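The next block holds one structure in the form of structure tokens; read it before the comments.
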Amino acid sequence: MTVTAADDAMALQKPLTVAPPVGERELRLDLFRGLALWLIFIDHLPANVLTLFTLRNYGFSDATEIFIFISGYTAAFVYGRAMQDRGFVVASARVIKRAWQIYVAHIFLFTIYLAEISWIATRFQNPLYAEEMNILDFLKSPDVTIVQALLLRFRPTNMDVLPLYIVLMVFFPPVLWLLRKKADLALALSVLLYAVTWEFELALPSYPSGSWFFNPYAWQLLFVFGAWCALGGAKRMSRILHSRITVGLAIAYLLFAFSVTLTWHFPRYDFLVPAAVQRWIYPISKTDLDVLRFAHFLALAALTVYFIPKDWPWLKSAWLRPMLLCGQHSLEIFCFSVFLAFAGSFAITELGGSAWIHFVISVAGIGLMCAAAWLLAWYKGVAEKSGSRAASGASGGVS
Amino acid sequence: MKGILAAVVAAGLLAGAPACAQDASSAPAQVEQKSCEVPPDLLATGDVTLEKVAAAVKDNKKLDVLVVGSGSSSLASADGATVAYPARLEAYLRERLPNVTVTVTTNLQPKRTAEEVAEALPAIVSEHKPDLVIWQTGTVDAIRAIHPDDFRNAVDEGITAAKAADVDAVLMNLQYSPRIETMLPTTPYLDNIRAVAQQQDVPLFDRYSIMQTWNESGVFDLSNSSRSFALAKSVHDCLGRALANLVVAAAKLDVTEPKVQH
């Protein structure tokens, strides 16, 4: 939507820049990645009061889009500079090292998941759920299941984002190289791959059947687009981003998405969406990053950039600092949040979850995420002050 | 939102309490009767009308219902055939439609995905020739992690086949379980069943939300890990009753209100 507005928007612009000066941390990215992490955590818990405030209830896209886009942006920002200073090989090695860390984190989370469901399998035998307990069949053949998990083909619920992230990072070095040489060509190739994915239904197989929940062939578009923005794209788009027409279009589209989403929750208003429109928009695929979702994310991003300036005073406020800190240590906090979601769901079930307990557990989980982020920030500060070499290794922590 | 739901349920429970004694006669003795009212919202069918059901009841005084489902449409107890929800649906429909010959038959397709059932559906329907087919689906697909888009197409195809065979259809979604929730990715399957129901103008029996409401309001403790069949039988009895109410409401049959309202 925003892209089609480009030509009209050229006429009315204010000369403003959005790209950060090199070397200065873009706090808005940290803030919104922190927000995305909180929302992903809440969405991974059983539905409760806080779920009403998550993005997916108000439009097509959700926190995953924010997370992947910002991850692409920061990866390009950090490793792009490394590629400039240290060359292709060293920067690539650092990217691959990062991918390896994510892989290890994923396997660690899988182990926790195995422990949880093995516990349930041996204790929960209610005949009402005889059919549902077939989900535990894979425990009968750990030889196959564990190997499939190591190959990232077997992924339990809520463990789909990290495998996507791993694949995106492994293929990032050549993408980054091309982005730095010919940014627009790289973005065009990314769009082409996205289109080919839709045309020919490319997908990665998963075990025991089906394909990856987040199709990397499609989702790479958001990651590469984020990287493209980081490497000057955002600066070049600043005229478009600050035009009133863009803002108007974005608001109109968000309202449209909001009203369509409303009909999902209140089916009696379904008649408000004409059948022809329904045929055209449905199904809105999350797996293949539907164009409607992508456009919804773009509209949100455009409004955010328009209304929240880089030097927004709130970015320095103590109130938003917990969210900011979470965003600055996103991998660690993301893994921790998946663990907390497991533990929280487990606690809600075992404590016989009243709405009140749900709420307390959600808030406590976010509190723990913030505490962990604060601890990581403190440790990083100490490590840097003491001039330890650990600091250079930890610099990957922003991607 | 949840608070309002809870209040509605609580009100329903109070209203329904005296009716339990009357209802008990129609159920097997060993099943504990629960006052398991369902918030009207969850059984709302809007403009959708089950025309074939209405015609069969009014013109022929005869209603044949076919339940096509997977494992969760049955109970593995010795008396499973009489206490699972299809049998309870039959009992409650007979109660609601006193002068109509009601038969409910089941065709269980355990461990078969929506796609496999959708392919078999035309043959199943032409064999039974029901007025209404109730298709319970989604669980097997969620367990086998079938791609949600493929699942959606399969459900759509199945409903199209039922319509082509001149049969009314009702879709039924997954069971709610607080304990299995973390292991089974239910959301995409629930969303897609709802979407197909909306697009095809087919009533949805939202078993998931109904059971969730019962769990939250304390009607049933669904995280109970007892191996006994008592809970399962009560839940199926209540599902059968709610389903009968949905069918009667969706067929816009002008019959007496259920006893619970007296």
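Figure legend: label point modelled 7 angstrom from the Cα of A:E199 along Cα→Cβ; residues of segment A:276-291 with amide N under 19 Å from it are A:288-291. A straight Cα-to-Cα reach below 27 Å connects A:K235 with the lysines A:K14, A:K181, A:K182, A:K310, A:K316, residues fewer than 8 places away in its own chain not being considered. The label point for B:S228 and the one for A:V104, both projected 7 Å from the Cα toward the Cβ, are 5.1 nm apart. Placing +1 on the Cβ of every Lys and Arg and -1 on the Cβ of every Asp and Glu, with no other charges, gives the protein assembly as shown a dipole of roughly 2460 debye about its Cα centre. Taken about its Cα centre, segment A:47-142 carries a charge dipole of roughly 560 debye when the Cβ of each Lys and Arg holds +1 and the Cβ of each Asp and Glu holds -1. The length gained on full extension between A:W378 and A:V90, counted as 0.36 nm times the residue separation minus their Cα-Cα distance, comes to 100.9 nm. Counts of other chain beta carbons within 10 angstrom of each beta carbon in peptide B:145-157 average 4. Highest mean first, the peptides B:204-212, B:57-65 sorted by other C-beta atoms within 10 Å per residue fall in the order B:204-212, B:57-65. In sequence order, segment B:111-125 has phi-based couplings of 6, 9, 6, 4, 5, 5, 5, 4, 5, 7, 4, x, 5, 4, 5 Hz under the Karplus curve 6.51 cos²θ - 1.76 cosθ + 1.60, θ = phi - 60°, and Gly or Pro positions carry x. With R₀ set to 22 Å, the beta-carbon distance separating A:T304 from A:A188 gives a calculated FRET efficiency near 0.30. If the segment from A:A115 to A:V144 were pulled out straight at 0.36 nm per residue, it would be longer than the present Cα-Cα gap by 8.7 nm. Residue pairs exceeding 27 angstrom between C-alpha atoms, taken from A:K286/B:K252; B:K163/B:K252; B:K111/B:K233: A:K286/B:K252. Using a ≥ b ≥ c from the Cα gyration tensor of the protein assembly as shown (square roots of the eigenvalues), is it rounded, prolate or oblate, where a/c under 1.5 gives rounded and otherwise the larger of a/b and b/c decides, a/b for prolate? It comes out prolate by the Cα gyration axes. Let a ≥ b ≥ c be the square roots of the eigenvalues of the Cα gyration tensor of segment A:40-128; is it rounded (a/c under 1.5), or, if not, prolate (a/b larger than b/c) or oblate? It is oblate, given that a/c is not under 1.5 and a/b is not larger than b/c.
Gap in Å between the Cα centre of segment A:55-125 and the Cα centre of segment A:34-48? A separation of 16 Å, based on Cα centres. With a 10 Å cut-off between alpha carbons and a GNM built on chain A, which of A:S238, A:S71, A:S354 moves the most? Of the options given, A:S354 has the highest mean-square fluctuation. Where both bridge residues fall in the protein assembly as shown, DSSP classifies roughly 5% of the beta bridges as antiparallel. Shielding of peptide B:131-140 by partners, expressed as the average count of other chain Cβ atoms within 10 Å per residue Cβ, is 1.
Annotation: amide H of B:I134 within the under-5 Å range of B:L66, B:V67, B:V68, B:V170, sequence separation 5 or more or interchain, hydrogens built in the peptide plane. Counting, for every residue in B:194-202, the Cβ atoms of other protein chains within 10 Å of its Cβ and taking the mean gives 3. For B:K129 and A:E350, the FRET efficiency from 1/(1 + (r/R0)^6), where r spans their Cβ atoms and R0 equals 35 Å, is about 0.15. Phi angles across segment A:312-327 convert, under the Karplus curve 6.51 cos²θ - 1.76 cosθ + 1.60 with θ = phi - 60°, into 3J(HN,Hα) values of 3, x, 4, 4, 9, 6, 5, 5, 8, 4, x, 5, 4, 4, 4, x Hz, Gly and Pro given as x. Computed over neighbours whose Cβ is under 14 Å from that of A:V338, the net charge equals -3, Lys and Arg +1, Asp and Glu -1.
None of the figures in this text is laboratory data; all of them are computed from the coordinates on show. As the structure is a computational prediction, the values presented were derived from the model and not from experiment. All Cβ positions, glycine included, derive from the backbone under ideal geometry; neighbour counts span all protein chains shown.
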